[in-house]
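The values are calculated or read from the model by the stated rules, or taken from the named source; none is laboratory data. None of these values were measured; they are calculated from a predicted model. Neighbour counts run over all protein chains shown; Cβ positions are idealised from the backbone, glycine included.
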Amino acid sequence: MDKKYQPIIGLETHVELKTASKMFCGCKNNPFHVSKPNFYTCPVCLGLPGALPVANKKAIEWTIKLGLALGCKINSLSKFDRKHYFYPDLPKGYQISQYDMPFCVNGKVETSFGPVGITRVHLEEDTGKLIHQKVNGRNVTLIDFNRSGVPLVEVVTEPDIHSAAQAKEYAKKLRQIICYLDISDCDMEKGGMRLEANISLQSHPQGVQNQIGHPKGDSLPNYKVELKNINSFRFLERGIEYEVERQKEILESGKTPIQETRGYNAEKNITFTQRTKEEAADYRYFPDPDLPPIRVTPSWLSEIKKDFPEDFNQRLNRWQREYGVKREFIEQLFETSSEADWFEDLFRKLKSEKLAIGKFINLLIHKKIKTVLFKDSPDKIIIEYKKATVVDDVSDEELIPIINKILKTNPAAVADYKSGKKQVMNFLVGQVLREVKKKIEFKRLKALIISMFS
Amino acid sequence: MDLLSLTIKEVTEKLKNKSFSCKELITECFTTIKKNDKKINAFLTRNEELALKTADKYDALIKNNKEIFSEKPLLGIPVAVKDLFTTKGIRTTAGSKIIGDYYPPFNATAIKKLIDAGVIIIGKTNEDAWGHGSSGENTDYEPTRNPYDLSRVPGGSSSGSGAAVAYGAALVGTGTDTGSSVRLPAGFCNLVGLKPTYGRVSRYGIIAMASSFDTIGHMTKTVYDNAKVLEVTAGLDPYDSTTVPVKVGQYTKVLGQNIKELKIGLPKEYFIKGLDNKVNSSIKNSLKILEKLGATIKEVTLPYTDYAMAAYYILVPSEVSSNLSRYDGVRYGGTREVFGAEAKRRIMLGSYALSSGYYDAYYLKAAKVRTLIKQDFENAFKKVDIIITPTSPTLPFKINEKTDDPLQMYLSDIFLCPVNLAGIPGLNVPSGFVDGLPVGMQIIGPQFSEELLYKVAYLFERETQYYKIHPQFKNG
């Protein structure tokens, strides 16, 4: 990291919840799998005159669940506010969001670079979507309200992030936490998870690095560049890297970067000006009079906690202990807690049948077991596993002449092995198997070959 | 058939004993409208074809099913609907030209309940656009006139609904009351008009004016009729989070019960300079009648009254500016320059009050004052059962008399707006006539005291029977 400048980065992440219905109406919440535009709509999510919102309890519970997973304090009294701005995809002229009383505040996400404070987690409604296309030879903008009113959670961090790599790690970890809670698909490509980074550089006098790591509020830089609508972790990392360099150059020349919103162009790997803000937009927030304040009572909170899955890390450690499952392998095989439950059932069954779980996972990763993950029953998979690992009945008498032949035709390999290049064994075993054309355990062949070396 | 003198109670009897049919009744409504509405301008949209078809259907029902009146307590009753109520397939303008050709795809909950109870919608009525006004003159169409004196206003904003019932075009006029809009036209048109407790009647499908103030009420000739309609419209609605699970009262059942021991409070801050002497004596006279019925009267104080209008005219425009932001010209016919002067005034006032830097000084401060006003009433109701005030400080005023002075217009609601700030119910009851013009008396009670209000009003009405005095279309 540059000695003279420290990046000060805060992330805002929007995530669409996968509740059955939308945030404030009974419409189906399924904006990505719908046959035509404006299909899942009603007076409420179209903002028709007279329609009123009714809050989705499940979405509130899931927001609180996420807050709990991020170690947040859950506000006992919360409310929805109206955030006013004009845009064609916002049918009411305001978005129902949360202003000064979000459901969750003051959480934390650990990264290998240090902790990232979570300022708040709040719930709001998504907007419709503008589609620019040609109709009868004219360029027009169409509005699709299938997404209008989809529950949207926003997670805001403190400006605790100091590098592109840390930003990426945080974002990936946040996604993993959300996915594991089974509350969102976090589909970044489709916009189910959207990242925004606020980036600025803190300069240190005489190139002395700030050892505290967390700059105090009063010493934050006097400008901020907002990097918007990034749809992959890689682009987040690259966009921040580019932005840090760009801002450094400006600062070096004695100027201050302009306060603005910038986009990221993945093809050119650059950021570009989208909107300059002379001053903050005035959203004229006020409490939504259509939605009474929400009291999160201790009994409701414990109800929500009851529904909490076993902690992700705890579970992986336990699996290592109980089933000998290695974290680095299994981690990539599932995202949600219900998928983890599916594995748990399977492991239990494998263990009770005294089957080798490590070997099972190895074959699974290499797609050697015919199965549909998270659909098939453990019994069915175990049958498939046995099929894949069945060993043919071959006697030593049958094998010895073949091994002899292989050793003779590969003297160099034999010499290599003897001189200590043990990995050559894989090659020798492979040669033997090819000749025999049968399934034989690796361990047995290895032992047999070694016994014939002398 | 004399529509002017008929009530819901009588019509139901006559439909039951087949003195006339639904078809005859509804036909008579439209005959009356065709004869008189040119002078009154109560209706923006007439629903004649569908209304007559429905009447035919109901006549068949009555013929085949004697029990139908218990299933549908308002069977065949002609209703004039304020144009803030969304009505499926029937043009709904809010009195504004912004949505002058809007045909909603759904019914407001109150409308659905009324239709299920058997009413027949005669048409949609004129009003101050979006409910902004006290006289009906802020309509984007031709203003409604008072059937008792055509040179005067009928009160607003539910001006058309009030006038329609007063001149016999319908037996019920639905209204919304955000600051005065049911009680004032009821007062100016010699009708019983209810502003229910906030949350008693669903707001779903009512075009919002100020969401935390809007209440859904109605006007009728008599107290019984009014209570009968509330039995239908009141109740919890899963589509409106601000409705509450308080049991709906038996509003018609309590009528006739005595009011001995009833304590009536007169707020000293309300009987002041600016209150028309003749209005004052009419109310005082009515109080004597209530005393004769067994009530006792004492003075109460509502100390924060002076701040009520100021708080009201910060909070209401704030919510108005938000609620009107959806009419941005993207999806509805009219663009924003089509908004009338009063709507523009309120959008500007409200946007200002909600702006960052001003929010604390205006909106938040006014919200605190609102709490104090609410406490004023709560404290008063520790000492008395109900409070009585004049409905309006003046008699129905002349058309154009106050249009150049918005502040004077706002002050017509000075006795009514505090009730909306407090969220409690208020009922206008006719208090007689002065110079041939109706005077209204407002009865205010604690939250969900509609039964009590009706009980008091009913006995008073039985003594006075002002509803039998019909309009003469003076100065036409």
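Before we move on, is B:Tyr224 among the aromatic types (Phe, Trp, Tyr) and in a loop (DSSP other than H, G, I, E, B)? Judged against the criteria, B:Tyr224 is not a match.
Taking each residue of region A:212-232 that is closer than 16 Å to A:Ala164 by Cβ and hydrophobic (A, V, I, L, M, F, W, C) and looking for partners that are assigned to a loop (DSSP other than H, G, I, E, B) and modelled with pLDDT of 90 or more with beta-carbon atoms closer than 7 Å, six or more apart or interchain, yields A:Val225/A:Pro257.
Taken over region A:332-353, the criterion of being outside any helix (DSSP H, G or I), over 15 Å from A:Lys380 (Cα atoms) and of a type outside the set (S, T, N, Q) is satisfied by A:Phe334, A:Glu335. Scanning region B:328-365 for residues that are within 29 Å of B:Pro104 (Cα to Cα), surrounded by fewer than 17 Cβ atoms within 10 Å (Cβ to Cβ), facing chain A (nearest Cβ under 9 Å) and of a type outside the set (Val, Ile, Thr) returns a single hit, B:Arg331.
When the residues of region B:54-83 are filtered to those that are assigned to a helix (DSSP H, G or I) and in contact (Cβ under 8 Å) with a residue 60 or more places away in the chain, the one that is farthest from the chain's Cα centre (by Cα) is B:Tyr58. If only residues of region B:176-205 that are within 11 Å of the chain's Cα centre (by Cα) and within 14 Å of chain A (Cβ to nearest Cβ) are counted, the one that is farthest from B:Thr109 (Cα to Cα) is B:Thr178. Please verify whether A:Glu110 is within 19 Å of A:Gly47 (Cα to Cα), more than 14 Å from chain B (Cβ to nearest Cβ) and in a strand (DSSP E or B), treating the condition exactly as stated. The answer is no for A:Glu110. Restricted to region B:35-53, and to residues there that are within 24 Å of the chain's Cα centre (by Cα) and in a helix (DSSP H, G or I), the residue that is farthest from B:Tyr148 (Cα to Cα) is B:Ala51. Residues that are within 14 Å of another protein chain (Cβ to nearest Cβ), in contact with a Phe, Trp or Tyr (Cβ under 7 Å, 6 or more places away or on another chain) and at pLDDT 95 or above occur at least once in region B:214-231.
Looking across region B:232-256, the residues that are assigned to a loop (DSSP other than H, G, I, E, B), away from chain A (no Cβ under 14 Å) and either β-branched (Val, Ile, Thr) or farther than 12 Å from B:Pro196 by Cβ (or both) come down to B:Val246, B:Lys247, B:Val248, B:Gln250, B:Thr252, B:Lys253, B:Val254, B:Leu255, B:Gly256.
Considering region A:55-94, and only residues there that are buried (at least 23 other Cβ atoms within 10 Å of the Cβ) and polar (S, T, N, Q), the residue that is nearest to the other protein chains (Cβ to nearest Cβ) turns out to be A:Asn56. Inspect region A:260-270 for any residue being assigned by TED's automatic domain parsing to the domain that holds A:Val105, part of a loop (DSSP other than H, G, I, E, B) and exposed (fewer than 12 other Cβ atoms within 10 Å of the Cβ) and give the result as yes or no. Looking through region A:260-270, at least one residue is assigned by TED's automatic domain parsing to the domain that holds A:Val105, part of a loop (DSSP other than H, G, I, E, B) and exposed (fewer than 12 other Cβ atoms within 10 Å of the Cβ). For B:Gly156, the conditions (1) buried (at least 24 other Cβ atoms within 10 Å of the Cβ); (2) more than 14 Å from chain A (Cβ to nearest Cβ); (3) touching a residue at least 40 places away in the same chain (Cβ under 8 Å) all hold with the exception of (3). Given the structure, is A:Phe308 of a type in the set (Phe, Trp, Tyr) and surrounded by 15 or more Cβ atoms within 10 Å (Cβ to Cβ)? When the stated conditions are applied, A:Phe308 does not pass them.
Here are B:Leu275, B:Leu293, B:Leu287: which of them is closer than 29 Å to B:Leu437 by Cα and at pLDDT below 95?
From the options B:Leu275, B:Leu293, B:Leu287, the qualifying one is B:Leu275.
Taken together, A:Leu364, A:Leu291, A:Leu346, A:Leu333 contain a single residue that is over 30 Å from B:Asp237 (Cα atoms) and either touching a Phe, Trp or Tyr at 6+ places or on another chain (Cβ under 8 Å) or free of Cβ contacts under 8 Å to residues at least 24 places away in the same chain (or both), which is A:Leu333.
If you go through region A:437-454 and keep only what is more than 46 Å from the chain's Cα centre (by Cα) and either exposed (fewer than 11 other Cβ atoms within 10 Å of the Cβ) or β-branched (Val, Ile, Thr) (or both), you end up with A:Ile449, A:Ile450, A:Phe453, A:Ser454. Screening region B:72-95 for residues that are touching a Phe, Trp or Tyr at 6+ places or on another chain (Cβ under 6 Å) and crowded, with 24+ Cβ neighbours inside 10 Å and picking the one that is farthest from the other protein chains (Cβ to nearest Cβ) gives B:Gly76. When region B:203-239 is filtered for residues that are charged (D, E, K, R) and out of contact with any strand residue (DSSP E or B) (no Cβ under 9 Å at 6 or more places or on another chain), only B:Glu231 remains.
When the residues of region A:40-54 are filtered to those that are within 7 Å of another protein chain (Cβ to nearest Cβ) and within 34 Å of the chain's Cα centre (by Cα), the one that is nearest to A:Pro88 (Cα to Cα) is A:Gly47. Wholly within region A:375-454, which helices (runs of 4 or more DSSP H) include no fewer than the required count, namely at least 3 residues that are among the aliphatic types (A, V, I, L, M) and over 30 Å from A:Asp341 (Cβ atoms)? Correct list: A:396-409, A:411-418, A:424-436, A:442-451.
Taking the criterion of being outside any loop (DSSP other than H, G, I, E, B) and crowded, with 24+ Cβ neighbours inside 10 Å, the residues of region B:96-112 that qualify are B:Thr109, B:Ala110, B:Ile111.
Only one of B:Ile216, B:Ile207 is farther than 30 Å from B:Leu437 by Cβ, crowded, with 24+ Cβ neighbours inside 10 Å and among the β-branched types (Val, Ile, Thr). Can you tell me which? It is B:Ile207. Note on region B:269-325: residues that are in a loop (DSSP other than H, G, I, E, B) and either within 14 Å of another protein chain (Cβ to nearest Cβ) or at positive phi (or both) amount to 2.
Collect the residues in region A:82-99 that are assigned to a strand (DSSP E or B) and hydrophobic (A, V, I, L, M, F, W, C), keeping them in residue-number order. A:Ile96 - this is the single residue of region A:82-99 that is assigned to a strand (DSSP E or B) and hydrophobic (A, V, I, L, M, F, W, C). Is it true that A:His33 is assigned by TED's automatic domain parsing to the domain that holds A:Lys129, assigned to a strand (DSSP E or B) and surrounded by fewer than 22 Cβ atoms within 10 Å (Cβ to Cβ)? Judged against the criteria, A:His33 is not a match. Return yes or no: is A:Pro102 part of a strand (DSSP E or B), away from chain B (no Cβ under 14 Å) and either surrounded by 14 or more Cβ atoms within 10 Å (Cβ to Cβ) or among the hydroxyl-bearing types (Ser, Thr, Tyr) (or both)? Considered against the rule, which asks whether it is part of a strand (DSSP E or B), away from chain B (no Cβ under 14 Å) and either surrounded by 14 or more Cβ atoms within 10 Å (Cβ to Cβ) or among the hydroxyl-bearing types (Ser, Thr, Tyr) (or both), A:Pro102 comes out as no. When B:Glu463 is tested against (1) acidic (Asp, Glu); (2) under 23 Å from B:Ser281 (Cβ atoms); (3) free of Cβ contacts under 8 Å to residues at least 40 places away in the same chain, only condition (3) is not met.
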